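Colleague: First, the structure itself, so that you have it in front of you.
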Amino acid sequence: MLALYKFELRKIISRKIVWITGCVMLAGLLIWGVASAVLPENREYYDSSLNGYEANRAEREAAELISGRAIDKILIDEMRPAYEDFIFNGNYKEALPYLDVYNFIGTTLRTHASAEVLECDIEAFYERLNAQLEASTPSGLTESITFNKPIVYHGYYDGWKKIADMMKFIACMEIMFITICLSTVFTVEHTRKTDQIILCTRMGKKKLYAAKIFAGLTVGIGFTMLLSLLMIVIVAFLYGFNGYNTILQFVLLRPFNLTVGQAALILIALSFVGAALVSMFTMMFSELTNNSIATIGMIMGIVILTMFIMEMPANLKLLSEIWYLLPSNLVSLNGAFRYSAISVGGITCAAYQYAPFVYAILSVVFALVGKLTYNHYQINGR
């Protein structure tokens, strides 16, 4: 079995389309990283001549000045004159350390007016924050997230946020790679009319299907790992990984007791689970249809659709649930960190909690359907 698995794995990775597709995608991600580092950043709160790397470093160093501080009246009183000096005199350096706190308050109060943010009452701010979290807590959830004491700011967290923001793009790249490279795992032998010869061999009847499946999963998950590692290296260089313990509410006002760093790692883990599901579906569907072009066209069409339709109406509960469970949608903050619109036995779970189980079940179903189709062709031919 191991020898057959290695043989099938070599067959996949020796194809030119696999190397071309993989290199193009990795190069595209690398070009994005280089461009982000060297091109000038036009940000309103400091010198626009700075490139991306220098701008990020300036923000990171400034944020560290107030890292570990509680967001309380004292901090707001310090922030007010610094921001007023920036607004009226253009002096951004004194305001820059408070950028994340300023944006967090503005998002919570749902305002972009600087006067409302700078003049906010700290107790009213926490009341507003807790009220929003309570309003978004589903009825089936036994505990809600409440902040009864000042939140601690843990410094510059843009590295973790950038990973979370990039995961949908990474997922789309992984899906395109898997679809292009694995849609021919079975069909190439049908096209060349070598499948019946292979099925006559001792291994062909019993172990070939499993070897192909495991080889396809290795390629799909392996490339996802390469994409993720390259993204992590680029983000580490551009942004660093400070602020791991920053609460999730800085980037998503929903009742989850998680940090920004934890959320980013969860999304990376979900991308691997999604890669396994897409790999299984691609191989199963290409075996069913005996047509790699149809497989590529259908999956690519769904991916493109998810890039244009960002949200589903909340009243379409089942359709909305299916939509956000698609691998390209799940690996986003909005997709993974949302509670299910459908509760089972009065228990409500978040998408990131139940999606891996759904994916595992579907993967087994796809494997069984593919095996039944494969066995059918063993008996009847093609």
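Colleague: Among all the aspartates and glutamates, which ones have a C-alpha under 13 Å from LYS149's C-alpha, if same-chain residues fewer than 8 places away are not counted?
Modeller: Of all the aspartates and glutamates, those that pass the test against LYS149 - Cα under 13 Å, at least 8 places apart if same chain - are ASP72, GLU123, GLU127.
Colleague: So what is the relative contact order of the chain, in percent, for Cα pairs below 8 Å that sit 6 or more residues apart?
Modeller: Numbers: 479 pairs, mean separation 79.6, N = 382.
Averaging sequence separation for qualifying contacts and normalising by length gives 21 percent for the chain.
Colleague: Where in the chain are the DSSP H helices whose C-alpha atoms run 27 Å or more along the long axis and whose mean Kyte hydropathy is at least 1.6? Please list the in-between numbers first.
Modeller: Numbers: long enough: 16-38 (32 Å, 1.87); 158-182 (35 Å, 0.96); 208-238 (45 Å, 2.19); 260-289 (42 Å, 1.74); 351-380 (42 Å, 0.63).
In the chain, the long hydrophobic H runs are 16-38, 208-238, 260-289.
Colleague: Given the options ASN91, ALA135, ILE122, identify the residue whose Cα lies farthest towards the positive end of the charge dipole of the range 68-135 (+1 on Cβ of Lys, Arg; -1 on Cβ of Asp, Glu).
Modeller: ASN91
Colleague: Further, regarding this structure: I'd like the FRET efficiency for LEU65 and THR146, computed as 1/(1 + (r/R0)^6) with the beta carbon distance as r and R0 of 35 Å, rounded to 0.05. Working shown, then result.
Modeller: Details: r = 29 Å, r/R0 = 0.83.
Once the sixth-power term is evaluated, E becomes 0.75.
Colleague: Given the peptides 50-60, 6-16, 169-179, arrange them by the average over their residues of other C-beta atoms within 10 Å, most packed first.
Modeller: Ranking the peptides 50-60, 6-16, 169-179 by packing returns 169-179, 50-60, 6-16.
Colleague: Amide H neighbours of ASN51 under 5 Å, at least 5 residues apart or on other chains, H built in the peptide plane: list them.
Modeller: GLU41
Colleague: Would you work out which of GLY28, ALA113, LEU65 lies farthest towards the positive end of the dipole of the range 1-125? Charges go on Cβ: Lys and Arg +1, Asp and Glu -1.
Modeller: GLY28
Colleague: About its Cα centre, what dipole magnitude does the range 68-135 give when the only charges are +1 on Lys and Arg Cβ and -1 on Asp and Glu Cβ, stated in debye to the nearest 20? Let's see the in-between values first.
Modeller: Values: 6 positive and 13 negative charges, 42 e Å.
For the range 68-135, the charge dipole is close to 200 debye.
Colleague: Right, next: With runs of 4+ DSSP H residues as the only contributors, calculate the mean residue ellipticity of the chain at 222 nm using -39,500 (n - 2.57) per run, divided by the residue total and rounded to the nearest 500. Provide the component values of the computation, followed by the final result.
Modeller: Values: 18 runs with 259 residues, N = 382.
Computed mean residue ellipticity for the chain: -22000 deg cm²/dmol.
Colleague: Using unit Cβ charges (K, R positive; D, E negative) and no other charged atoms, how large, in debye to the nearest 20, is the dipole of the chain about its Cα centre? All intermediate terms of the calculation are to be shown ahead of the outcome.
Modeller: Working: 30 positive and 30 negative charges, 617 e Å.
For the chain, the charge dipole is close to 2960 debye.
Colleague: Grab the Cα-Cα distance for LYS371 and VAL34, subtract it from 0.36 nm times how many residues apart they are, and report the gain in nm with one decimal. If you can, show how the numbers build up before the last one.
Modeller: Values: separation 337, 0.36 × 337 = 121.32 nm, distance 4.46 nm.
The span from LYS371 to VAL34 would gain 116.9 nm if fully extended.
Colleague: Between GLU123 and MET300, what's the calculated FRET efficiency when r is the beta-carbon distance and R0 is 41 Å? Round to 0.05.
Modeller: On the way: r = 52 Å, r/R0 = 1.27.
The pair GLU123/MET300 has a calculated efficiency of 0.20.
Read-outs: derived from the displayed coordinates by stated rules, not from any lab. Values in this document were obtained by computation on a predicted structure and should not be read as measured data. As a convention, Cβ positions derive from the backbone with ideal geometry for all residues, glycine included, and neighbour counts pool all protein chains shown.
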